[in-house]
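Shown next, in structure tokens, is the structure this report addresses.
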Amino acid sequence: MKNIFRKKINILAIETSCDETSASIVQINTASNKKYNIKILSNIVSSQVKLHAKYNGVYPELASREHIKNMIPVLEESLDIFNIQGKNNILSYQDIILKNIDILAVTAGPGLIGSLLIGVNTAKTLAYALDKPIYSINHLEGHIYANFINPVSFPQFPLVALIVSGGHTSLVYMKNHLEYEVIGETLDDAAGEAFDKVACLLNIGYPGGPIISKMAMELKAKNLKSTTNQSSRDDIKISFPRPMINSHDFNFSFSGLKTSVLYTLKKLPKKLSRDLISQIAKEFQDAVIETLVSKTIRAARKYKVKSILLGGGVSSNKFLREKMSQTTSKKLPDIKLYFSESEFCTDNAAMIGMAAAYKIILGKPPTKWYDVNANPNQTIGQI
Ligand code: KG4
Ligand code: ZN
């Protein structure tokens with residue numbers, strides 16, 4: 001690894017595990033006193049959300065086809081920061097990579113196989129053809145390392161990370177950098193998946209998380225304005241269970257909650273007022289968040305951690321952040337809570353580059369290009 005001794009190491013990271021095609025340039029700056037800082041030079045994300053909206057979820061075959069269309073343009077856009085030659089003297093992108101990129105990184109799993117294959121094969125081809133080292137990165141470790149992008153302070157170990165996205169709900173204990181122990185996960189639907197399915201039941205659009213959160217916010221604002229709170233929902237009590245909140249493990253289950261929303265809707269008229277839909281959205285969101293917060297706090301206490309990290313698309317939820325923050329300050333005031341900027345919560349390649357940066361800094365060897373393989377069921381910590 002001759003490049004490790006250079007002062008600046010540029011990583012080209014690629015992420016295509018689900019429905020976002022993303023490429024990012026992450027730079028490690030090494031000072032002579034062995035201190036380093038890591039910067040995100042570019043982070044290009046092409047989202048397919050609009051395309052999948054009519055299916056109320058990701059349509060895997062369509063996702064792969066879109067990745068094929070978008071991969072090279074996204075890759076080139078991420079590299080444009082190096083194209084300083086001026087329009088009349090543009091270098092080929094192969095030359096830009098040869099000249100500026102030291103190391104490649106790619107999400108190998110978990111995710112949709114057809115989607116993963118596009119990113120993995122793009123990165124492997126570049127590694128082989130341009131003779132660059134490559135790191136195979138787990139998508140969940142990317143979501144964790146998103147918390148190391150532009151932090152106000154660095155998370156201290158040991159820590160517990162709650163990863164909540166469209167495909168995952170996991171509690172991961174980390175004694176140190178790159179050491180992962182999954183202590184809990186969902187037994188059925190992921191938290192984000194539950195948001196998406198409930199939004200589909202309510203017929204309010206896709207992806208469900210941001211819409212449900214917005215409707216809950218509207219309701220909160222309305223309730224603050226009106227103290228009398230007279231509305232069409234006066235005589236309707238909506239409440240949902242907190243699934244597995246008292247179980248003695250750190251696992252989750254959200255499919256029963258979704259069914260509970262369905263049964264509630266069956267008892268109501270077909271056409272619902274916006275207020276009532278907002279109320280159902282808010283009650284559902286409260287049930288998910290209370291369960292996530294309660295288990296995370298319990299895990300943090302049991303494992304005597306110094307930090308709690310949130311990651312994944314659902315972690316951009318304002319109510320989840322607020323509730324986790326209030327509960328942590330109240331119950332475990334010595335523990336610091338971290339969450340990243342929204343653009344790094346949903347899928348992006350910068351978080352993959354950040355995880356690779358820590359592997360490089362901590363001296364982990366790269367993977368041989370022929371050993372980087374798409375693995376839809378890859379567990380965190382597995383190469
Ligand atoms: O991490 P992500 O981009 O993709 C996966 O790895 O799955 O997460 C996407 C998920 C979707 O299910 C979406 O509904 C959810 O994150 N999400 C949210 C919010 N923003 C995105 N869920 C709740 N509240 C939000 N504000
Ligand atoms: Zn994700």
If Ile245 satisfies all but one of (1) hydrophobic (A, V, I, L, M, F, W, C); (2) in a helix (DSSP H, G or I); (3) in contact with a Ser or Thr (Cβ under 7 Å, 6 or more places away or on another chain), what's the number of the condition it fails?
(2)
Scope segment 125-155; condition in a helix (DSSP H, G or I), surrounded by fewer than 21 Cβ atoms within 10 Å (Cβ to Cβ) and among the aromatic types (Phe, Trp, Tyr); matching residues
Tyr128, Phe148
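Residues Leu187, Leu162, Leu201: which one is touching a Ser or Thr at 6+ places or on another chain (Cβ under 7 Å) and more than 13 Å from ligand 1 (Cβ to nearest atom)? Spell out how you get there, then give the answer.
On the way: Leu162 fails: more than 13 Å from ligand 1 (Cβ to nearest atom); Leu201 fails: touching a Ser or Thr at 6+ places or on another chain (Cβ under 7 Å).
So the residue among Leu187, Leu162, Leu201 that is touching a Ser or Thr at 6+ places or on another chain (Cβ under 7 Å) and more than 13 Å from ligand 1 (Cβ to nearest atom) is Leu187.
Could you identify the single residue in Ser316, Ser325, Ser340 that is within 27 Å of Ile38 (Cα to Cα) and either buried (at least 24 other Cβ atoms within 10 Å of the Cβ) or not polar (S, T, N, Q) (or both)? Walk me through it before giving the result.
Values: Ser316 fails: either buried (at least 24 other Cβ atoms within 10 Å of the Cβ) or not polar (S, T, N, Q) (or both); Ser325 fails: either buried (at least 24 other Cβ atoms within 10 Å of the Cβ) or not polar (S, T, N, Q) (or both).
Unique residue meeting the criteria: Ser340.
On the given criteria, is Ser247 closer than 23 Å to Glu218 by Cβ and not β-branched (Val, Ile, Thr)?
Judged against the criteria, Ser247 is not a match.
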Given (1) surrounded by fewer than 18 Cβ atoms within 10 Å (Cβ to Cβ); (2) within 16 Å of ligand 1 (Cβ to nearest atom); (3) modelled with pLDDT under 95, number of the condition Ser231 does not satisfy:
(2)
If a residue must be touching a residue at least 40 places away in the same chain (Cβ under 8 Å), away from ligand 2 (no atom under 13 Å from the Cβ) and hydrophobic (A, V, I, L, M, F, W, C), how many such residues does segment 125-160 contain?
8
Answer from Leu75, Leu140, Leu79, Leu126 - the residue that is within 16 Å of ligand 1 (Cβ to nearest atom) and touching a strand residue (DSSP E or B) at 6+ places or on another chain (Cβ under 8 Å):
Leu140
Between residues in segment 315-328 that are of a type in the set (Gly, Ala, Ser) and residues that are within 16 Å of ligand 2 (Cβ to nearest atom) and not in a helix (DSSP H, G or I), which pairs lie under 7 Å by C-beta distance while being six or more apart or on different chains?
Ser315/Val164; Ser315/Phe339; Ser316/Thr346
Which listed residue, of Thr107, Thr169, is farther than 14 Å from Ile352 by Cβ and either crowded, with 23+ Cβ neighbours inside 10 Å or among the hydrophobic types (A, V, I, L, M, F, W, C) (or both):
Thr169
Given the conditions (1) farther than 21 Å from Ala13 by Cα; (2) within 16 Å of ligand 1 (Cβ to nearest atom), which single one is not true for Asn147?
(1)
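Just checking, does segment 41-49 include any residue being more than 14 Å from Ala349 (Cα to Cα) and not in a strand (DSSP E or B)? I'd like the intermediate steps shown before the answer.
Kept after step one, since they are more than 14 Å from Ala349 (Cα to Cα), are these residues of segment 41-49: 48-49.
Then keep just the ones that are not in a strand (DSSP E or B); that gives 48-49.
Scanning segment 41-49, I find at least one residue that is more than 14 Å from Ala349 (Cα to Cα) and not in a strand (DSSP E or B), so the answer is yes.
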Of the conditions (1) surrounded by 22 or more Cβ atoms within 10 Å (Cβ to Cβ); (2) within 11 Å of ligand 1 (Cβ to nearest atom); (3) modelled with pLDDT of 95 or more; (4) under 19 Å from the mean Cα position of the chain (by Cα), the single one that Ser213 does not satisfy is (1)
Residues located in segment 281-297, provided they are crowded, with 24+ Cβ neighbours inside 10 Å and under 11 Å from Thr327 (Cα atoms):
Thr296
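Counting just the residues of segment 240-276 that are among the polar types (S, T, N, Q) and under 22 Å from Arg301 (Cβ atoms), which one comes out surrounded by the fewest Cβ atoms within 10 Å (Cβ to Cβ)? If you could, list the steps in order and put the result at the bottom.
As a first pass, look at segment 240-276 and keep what is among the polar types (S, T, N, Q): 246-247, 251, 253, 255, 259-260, 264, 273.
After this cut, where a residue has to be under 22 Å from Arg301 (Cβ atoms) as well, the list is 246-247, 251, 253.
Values: Asn246: 6, Ser247: 13, Asn251: 18, Ser253: 16.
Among those residues, the one meeting the criterion is Asn246.
The values are calculated or read from the model by the stated rules, or taken from the named source; none is laboratory data. Nothing here was measured: the structure is a model prediction, and the numbers come from that model. So basically every Cβ, Gly included, is an ideal-geometry build from the backbone, and we count neighbours across all protein chains shown.
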